[in-house]
Each structure stands twice: as structure tokens, then as C-alpha cells.
Amino acid sequence: MAEKNEDIGFKKDTVSKLLSSFFKEDKTRLSGDATLLVAEMLKVFVREAAVRSQKQAASEDCDQVDIEHFEKILPQLLMDF
């Protein structure tokens, strides 16, 4: 089991390839700092989604988070980001 303090995130290469797939021109480049920033934003977004989904499940007296809980928090989460 992973420790709580262990830093889990997205790989820099994965984020870079994901962003590059949306570039219209082949000569568009992405700096390493920009890639790290987007990776950090993705990590924060996913963590916030998990916490909000858990709170939604708890408010409905559920022991387990289901996709329905995520779907309920998604509109406000997207507006907050």
C-alpha cells in the first residue's frame, strides 16, 4: 500500500504527448516548465474531484463512491477550474 506522503502524479512525458496531440502546427513547442505546470494542475484537479466525490457520497450516506457521485459534482468542479 502506498504511503500517504508519497507524491503521486502524472508523468511529464504523458502530459507532453497529451498536450502535443492538440497542437494545430507541428512546429509548436511546449517548454518543460509548462509541462510541469499542467501536470501539477491535473494532479490538483483529480485530487479535488476525488475529495468532492467522496463528500457527495458521504452526504448521501454511501460507503462507496460511484460514478453518479462524480457526475453530480462535475459541473461545479469544472466551473471552479
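The values are calculated or read from the model by the stated rules, or taken from the named source; none is laboratory data. Note that the structure is predicted; figures quoted are calculated from it, not measured. Cβ atoms come from the backbone with ideal geometry, glycine included; neighbour counts cover every protein chain shown. Keep in mind that these areas ignore ligands, DNA and RNA; they rest on the heavy atoms of the full protein, side chains included. Shrake-Rupley method; radii C 1.70, N 1.55, O 1.52, S 1.80 Å.
Taking only protein heavy atoms and a 1.4 Å probe, what accessible area per residue, in Å², does the chain have with all protein chains in place? Intermediate results must be reported in sequence, preceding the final value.
On the way: 6920 Å² over 81 residues.
Dividing the accessible area of the chain by its residue count gives 85 Å².
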Accessible surface of the chain [probe 1.4 Å, protein heavy atoms]: carbon and sulfur percent: 55 percent
Dipole of the chain, positive direction: furthest Cα of LEU74, GLY32, ALA50, with charges on the beta-carbon: GLY32
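Which helices, counted as full DSSP H runs in the chain, have an axial Cα extent of no less than 15 Å and a Kyte-Doolittle average of -0.5 or above? Please list the in-between numbers first.
Details: long enough: 32-59 (41 Å, 0.24); 67-80 (19 Å, 0.17).
Span-like helices in the chain: 32-59, 67-80.
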Computed [θ] at 222 nm, helices only, for the chain once each DSSP H run of length n ≥ 4 contributes -39500 (n - 2.57): -21000 deg cm²/dmol
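Please find the FRET efficiency linking ILE67 to SER21, where r is the Cβ-Cβ separation and R0 is fixed at 22 Å, and quote it to the nearest 0.05.
Values: r = 26 Å, r/R0 = 1.16.
Efficiency computed from Cβ-Cβ geometry: 0.30.
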DSSP-loop GluC sites (Glu not before Pro) across the range 5-76, with at most 13 other Cβ within 10 angstrom: GLU6, GLU25, GLU60
Overall dimensions of the range 16-81 by Cα: Rg and Dmax, Å: 16.1, 52
Distance (nanometres) between label positions extended 7 Å along Cα→Cβ at PHE81 and VAL44: 1.1 nm
